[in-house]
């Protein structure tokens, strides 16, 4: 019997052993008791090639999912860092939308409900009013695609000032009103930027929140840019207990995803087990019913 809260609990693909062996990924996630995997389609050529999977490859993924009773609930589409929707370059913006459409079609075929968009107008370019305007224009186009396939687009709260709060997400939602747009807070990123106000931030966008990343971080200060990756659970600034208590009292029904990059280290499964046990202990302390 799974010993997680009744909300679905998933694992980010990059927390699993590396490579393209999906049989092993599903098997490992199942053995650890996770409900689902959040697939990564990042800016690497290898993972972007997934957008061109054949029907046979897609059917194989679905068969493995059924066999292990672990599904893919969301796709982290960070490939748009390489091809951002707000780029100054027209060809790059067009490429960004082409890839987004492919991602939406892939999600539809895999029965994936959520595509998580990185909240960057641009990543490797200088930001200005034009990059913000192009991001909003192309997001609206992307939401029309999402509507056709009934796949939700959810903006992650990022390690970047462009969308680093739910307040900023709500401004985007006002500019691009759509039932297919939601928010995907990363608890680590949110706490790193908003040490004193992260609970009020969560509250402000609570009804648009469909999923949450569980990750620890080091805070942004006047003399430190923050650390947003590879901070060991419990060594950062995130008060998970307080956040879990708030979410329980607010009646949160969305999913949780343990986000880590253990594929880049030795003994990834052992590291993931340790992270899972840390998180489960805090869920229990916060009063979540484990099942």
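Some notes on this structure:
- Residue selected from the range 22-54 under the condition assigned to a helix (DSSP H, G or I) and free of Cβ contacts under 8 Å to residues at least 12 places away in the same chain, by the criterion farthest from residue 118 (Cα to Cα): 31
- Test for residue 202: is it more than 21 Å from residue 73 (Cα to Cα), at pLDDT 95 or above and over 17 Å from the mean Cα position of the chain (by Cα): no
- Restricting 232, 284, 263 to those that are surrounded by fewer than 23 Cβ atoms within 10 Å (Cβ to Cβ) and under 17 Å from the mean Cα position of the chain (by Cα) reduces the list to 263.
- Test: residue 177 is at pLDDT 95 or above and surrounded by fewer than 17 Cβ atoms within 10 Å (Cβ to Cβ): yes
- Conditions (1) modelled with pLDDT of 95 or more; (2) under 19 Å from the mean Cα position of the chain (by Cα); (3) under 22 Å from residue 40 (Cβ atoms); number of the one not met by residue 167: (3)
- Residue check for residue 86: over 18 Å from residue 212 (Cα atoms) and crowded, with 22+ Cβ neighbours inside 10 Å: yes
Conditions tested, residue by residue: (1) under 25 Å from residue 214 (Cα atoms); (2) buried (at least 22 other Cβ atoms within 10 Å of the Cβ); (3) out of contact with any strand residue (DSSP E or B) (no Cβ under 9 Å at 6 or more places or on another chain).
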{"position": "131", "(1), (2), (3)": "no, no, yes"}
{"position": "140", "(1), (2), (3)": "no, no, yes"}
{"position": "148", "(1), (2), (3)": "no, no, yes"}
{"position": "162", "(1), (2), (3)": "yes, no, yes"}
{"position": "167", "(1), (2), (3)": "yes, no, yes"}
{"position": "185", "(1), (2), (3)": "yes, yes, no"}
{"position": "188", "(1), (2), (3)": "yes, yes, no"}
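A quick yes/no check of all residues on (1) farther than 16 Å from residue 162 by Cβ; (2) touching a residue at least 60 places away in the same chain (Cβ under 8 Å); (3) under 17 Å from the mean Cα position of the chain (by Cα):
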residue: 112; (1), (2), (3): yes, yes, yes
residue: 120; (1), (2), (3): no, no, yes
residue: 127; (1), (2), (3): no, no, no
residue: 133; (1), (2), (3): no, no, no
residue: 137; (1), (2), (3): no, no, no
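- The listed residue being assigned to a helix (DSSP H, G or I) and without any contact (Cβ under 8 Å) to a residue 24 or more places away in the chain, out of 102, 95: 95
- The range 16-41: number of residues that are crowded, with 23+ Cβ neighbours inside 10 Å and within 13 Å of the chain's Cα centre (by Cα): 4
- Single match in 98, 69, 80 (criterion: touching a helix residue (DSSP H, G or I) at 6+ places or on another chain (Cβ under 8 Å) and surrounded by fewer than 17 Cβ atoms within 10 Å (Cβ to Cβ)): 69
The values are calculated or read from the model by the stated rules, or taken from the named source; none is laboratory data. None of the values given here were measured: they were computed from a predicted structure. Backbone-built Cβ (ideal geometry, glycine too); neighbour counts: all protein chains shown.
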